[in-house]
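What follows is one structure encoded as structure tokens, with my remarks underneath.
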Amino acid sequence: MHNPNRQPIISVRDLTAQYGDRAVLEHVSFEVHRGEIFVILGGSGCGKSTLMKCLIGLYQPAAGSVFIDGENFSAADADTHARLLRKIGVMYQSGALFGSMTVQENVRLPLDEYTALPTAAKRAVVASKLALVGLRDASFKLPAELSGGMIKRAAIARALALNPAIVFLDEPSAGLDPVTSADLDQTIIDLSRDLGVTFVIVTHELASIYTLADRCIMLDAGAKGIIATGRPAELRDRPPNDLVKSFFHRQPLTTQPGLRQPS
Amino acid sequence: MPAATASIISESRGLVVTVTGVLTADGVAAVWPVLDKIAAADGDVLVRAGEVTACDSTGAVFLRELERVTVSGGRRFQLDGLRAEFARTLELFPLDAIVPPPPTPRRQPGLIVTVGEKTCEIVADLRNQVVFLGQLTVALWQVLRRPRQLHWKKILQIFHTAAVDGLPIVGLISLLTGLIISSQSVGPLRAYGADIHVIYLVALIMFRELGPIMTAILVAGRTGSAFAAEIGTMKVNEELDALKTMGLDPVRFLVVERVIAGCWALPLLTVYAMLLGVGASFIVMLSGGYSLPALYAELTDYCTVSDVVEGLLKACFFGVLVTGVGCLRGIQTRAGAAAVGAATTRAVVSSIVLIIASDCVFTLISTTLRDAASLPF
Ligand SMILES: Nc1ncnc2c1ncn2[C@@H]1O[C@H](COP(=O)(O)OP(=O)(O)OP(=O)(O)O)[C@@H](O)[C@H]1O
Ligand SMILES: [Mg+2]
């Protein structure tokens, strides 16, 4: 579906990330194309959140670089950095809503800071984003008064507030019921198809992966990098290795020592 | 040149609104005022959007708002010429999605209600403190019967941050107090030929009152607040709930160790404060030409061990008080980051109030006892 001649919106080259001396990711390279829904898969603790933090400039990679829209994000000066950040919306794994503000104030904050919209317009925009994630009725609640799934949805609404070109979602469907989760998947697909938003999503939900992902990469803690790239259906039908196979077929890893062998 | 424009022409059938340009946040900000004009005018509205070159979700919200303003006046609305791709964007935002829900009114209680609520709060807080004191006593009793259950390493660690790391600031303040009281009282006392008694004066003040009080206030600020913040953050992260569901009592698990560390740390810091305060007084007097033996005789003639013991007893009590209150405020933390800040503030303020209140009681008891034993002061 993507046009290979077009410049990728995110391009990661030879990225290495480490905490202290321990490398979590080594020599990772991949590209995300404009308007696609790109999913990052992998077992718990393999470095998905770390990779995402590198992509959004929160964590400085030890080596390698991240290009956003053709500009080097890892080595950007303050102005470029600020400009690139405007193109990005992020939902963190924990939601990270501001606890002292209501849901609608959380969503409104970026609008207040970065747009010249009149108050009535901001109100309508905030309402529209909250309606998109089905949180209209919780507009005036504080984050402490929300359930885990509502926090996720409010955080997604905030990530979408400025209509960013790229939206990063760290486990958006964790903590959501299947219906809300499917709704959210549909919203993501709509936004991607109709508004051309690029999504980079960390998720484990096989169901969402098949409906959502244009392409995915799978990371592994042992390999400290990418062990598979492709469309989800491809990976399911022709898994390049056992790790990918057990992930897509929800099987325990038979080669892993100490685990019960399936009969 | 604004990113987008909107012009209105009145025709016989109604208003024709022509919208052009880039309908993103900047463009929408420029054309938004047109909504007021449409709301104020009469007649059906036809929007020509053929020259809209870009339209993101903010643009969609603007177009929907145009529709809402028109339709809510009972008029008809028609949108013409919008490119298919933008029309699909518009479909993502149905008409009712852009209407903000009415804010839930926040109740504004009257004066009497406020006074009543505050009183109830204070009474409930007192009750909580008593309950907490009970829990703490029970937990301490259980632990003292089986001291092996305690994590002595953890206690030592807490003791280190509370006492050893606190030495510089406690030293600084005590030195300063000793210096100030001595240098300021030498003059007035000299008028009566009693300037040698400065040592006696400073020693009494440092031993009985200021030594323990100032140290306790400093520990409240340094350590009590830290306990409140740490336990408060644990509460916010549901770590206290986790302890409870594991069948572990938070008071036993978190508070006891801190209180035990505190009730050792404070007396030791107080001894240090007493030494430095009196030492400072010696320095002032020595530089004023008095001899060391004379000063020393003054100290030993008038001050007794009971003065130091009184101070240390107080310090022990303050140690339990300050660390206990810090932990209590932490445990009482409500949800959110701001609540942790509030817990810290409350820990320091209640500690200081309780230190002063209990010091009054201590002083009352000690003067009565001295009177009964017909000691001089
Ligand atoms: N701040 C940190 N300091 C040190 N090590 C860290 C830090 N954050 C993460 N790690 C380590 O880096 C590795 C990758 O962590 P990361 O959070 O990226 O995992 P993840 O793939 O997002 O896992 P999950 O699916 O559980 O969220 C883990 O082994 C973790 O222990
Ligand atoms: Mg993670």
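The values are calculated or read from the model by the stated rules, or taken from the named source; none is laboratory data. Only a predicted model underlies this, so the values are computations on that prediction, with no experimental measurement involved. Every residue, glycine as well, gets a Cβ built from its backbone with ideal geometry; the counts of neighbours run over all protein chains shown. These area figures cover heavy atoms from the full protein model, side chains too; ligands, DNA and RNA do not enter into them. Shrake-Rupley method; radii C 1.70, N 1.55, O 1.52, S 1.80 Å.
Some notes on this structure:
- The listed residue being surrounded by fewer than 23 Cβ atoms within 10 Å (Cβ to Cβ), touching a Pro at 6+ places or on another chain (Cβ under 8 Å), over 19 Å from B:SER185 (Cβ atoms) and not polar (S, T, N, Q), out of B:LYS314, B:LYS235, B:LYS244: B:LYS244
- Checking each residue in region A:203-223 for being surrounded by fewer than 21 Cβ atoms within 10 Å (Cβ to Cβ) and either away from ligand 2 (no atom under 16 Å from the Cβ) or in a strand (DSSP E or B) (or both) picks out A:LEU206, A:ALA207, A:TYR210, A:THR211, A:ASP214, A:ARG215, A:ASP220, A:GLY222, A:ALA223.
- Residue satisfying all of: in region B:14-39; in a loop (DSSP other than H, G, I, E, B) and surrounded by 18 or more Cβ atoms within 10 Å (Cβ to Cβ); farthest from the other protein chains (Cβ to nearest Cβ) among these: B:THR24
- Verdict on A:LEU97 being within 19 Å of the chain's Cα centre (by Cα), more than 9 Å from chain B (Cβ to nearest Cβ) and part of a helix (DSSP H, G or I): no
- Of all residues making up region B:42-60, the number that are small (Gly, Ala, Ser), touching a strand residue (DSSP E or B) at 6+ places or on another chain (Cβ under 6 Å) and either within 13 Å of chain A (Cβ to nearest Cβ) or farther than 18 Å from A:ALA121 by Cβ (or both): 3
- Scanning region A:35-53 for residues that are small (Gly, Ala, Ser) and either closer than 23 Å to A:SER246 by Cβ or in contact with an Asp or Glu (Cβ under 6 Å, 6 or more places away or on another chain) (or both) gives A:GLY42, A:GLY43, A:SER44, A:GLY45, A:GLY47, A:SER49.
- Test result for A:ALA75, assigned to a loop (DSSP other than H, G, I, E, B) and in contact (Cβ under 8 Å) with a residue 24 or more places away in the chain: no
- Qualifying residue in region A:28-49 (condition: open to solvent by 60 Å² or more (accessible area, probe 1.4 Å), over 19 Å from A:GLU171 (Cβ atoms) and not charged (D, E, K, R)): yes
- For region A:24-43, the criterion of being within 16 Å of ligand 2 (Cβ to nearest atom) and part of a loop (DSSP other than H, G, I, E, B) is met by at least one residue.
- Tabulated pairs, region B:319-341, first more than 14 Å from B:ALA261 (Cβ to Cβ), second of a type in the set (Lys, Arg) and open to solvent by 40 Å² or more (accessible area, probe 1.4 Å), C-beta under 7 angstrom, 6+ apart or interchain: B:ARG329/B:ARG346; B:GLY330/B:LYS235; B:ILE331/B:LYS235; B:THR333/B:LYS235
- Applying the set (1) surrounded by fewer than 24 Cβ atoms within 10 Å (Cβ to Cβ); (2) at the interface with chain B (Cβ under 7 Å from one of its Cβ atoms) to A:SER128 leaves exactly one unmet item: (1).
- In region A:177-192, the residues that are open to solvent by 30 Å² or more (accessible area, probe 1.4 Å) and without any contact (Cβ under 8 Å) to a residue 40 or more places away in the chain: A:ASP177, A:PRO178, A:VAL179, A:ALA182, A:GLN186, A:ASP190
- Taking every residue in region A:194-210 that is at negative phi and pairing it with any residue that is within 16 Å of ligand 2 (Cβ to nearest atom) and among the basic types (Lys, Arg), at least 6 positions away or on another chain, the pairs with Cβ-Cβ distances below 7 Å are A:VAL202/A:LYS48.
- Exactly one residue among B:ASP307, B:ASP301 is more than 30 Å from B:LYS153 (Cβ to Cβ) and either open to solvent by less than 40 Å² (accessible area, probe 1.4 Å) or within 14 Å of chain A (Cβ to nearest Cβ) (or both), and that residue is B:ASP307.
- Among (1) surrounded by 19 or more Cβ atoms within 10 Å (Cβ to Cβ); (2) within 14 Å of chain A (Cβ to nearest Cβ); (3) among the aliphatic types (A, V, I, L, M), the one test that B:ALA342 misses: (1)
- Scan of region B:1-13 for residues that are within 55 Å of the chain's Cα centre (by Cα) and open to solvent by 60 Å² or more (accessible area, probe 1.4 Å), ordered by number: B:MET1, B:PRO2
- Test set (1) within 16 Å of ligand 2 (Cβ to nearest atom); (2) surrounded by fewer than 16 Cβ atoms within 10 Å (Cβ to Cβ); (3) of a type in the set (Gly, Ala, Ser) - A:GLY95 fails condition number: (2)
- Subset tally (residues that are out of contact with any helix residue (DSSP H, G or I) (no Cβ under 7 Å at 6 or more places or on another chain), more than 16 Å from A:LEU212 (Cβ to Cβ) and open to solvent by less than 10 Å² (accessible area, probe 1.4 Å)) for region A:160-175: 1
- Sole residue being at pLDDT 90 or above, away from ligand 1 (no atom under 16 Å from the Cβ) and touching a helix residue (DSSP H, G or I) at 6+ places or on another chain (Cβ under 6 Å), chosen from A:VAL125, A:VAL133: A:VAL125
- Within region A:160-202, considering residues that are within 16 Å of ligand 2 (Cβ to nearest atom) and in contact with a Leu (Cβ under 8 Å, 6 or more places away or on another chain), the one modelled with the lowest pLDDT: A:SER173
- Inclusion of A:GLN60 among residues that are over 22 Å from A:ILE188 (Cα atoms), in contact (Cβ under 8 Å) with a residue 12 or more places away in the chain and in a loop (DSSP other than H, G, I, E, B) is warranted.
- Positions within region A:136-160 being among the aliphatic types (A, V, I, L, M) and facing another protein chain (nearest Cβ under 10 Å), in sequence order: A:ALA138, A:LEU142, A:ALA144, A:LEU160
- Selection from region A:197-221 of residues that are away from ligand 1 (no atom under 13 Å from the Cβ) and out of contact with any strand residue (DSSP E or B) (no Cβ under 7 Å at 6 or more places or on another chain): A:LEU206, A:ALA207, A:SER208, A:TYR210, A:THR211
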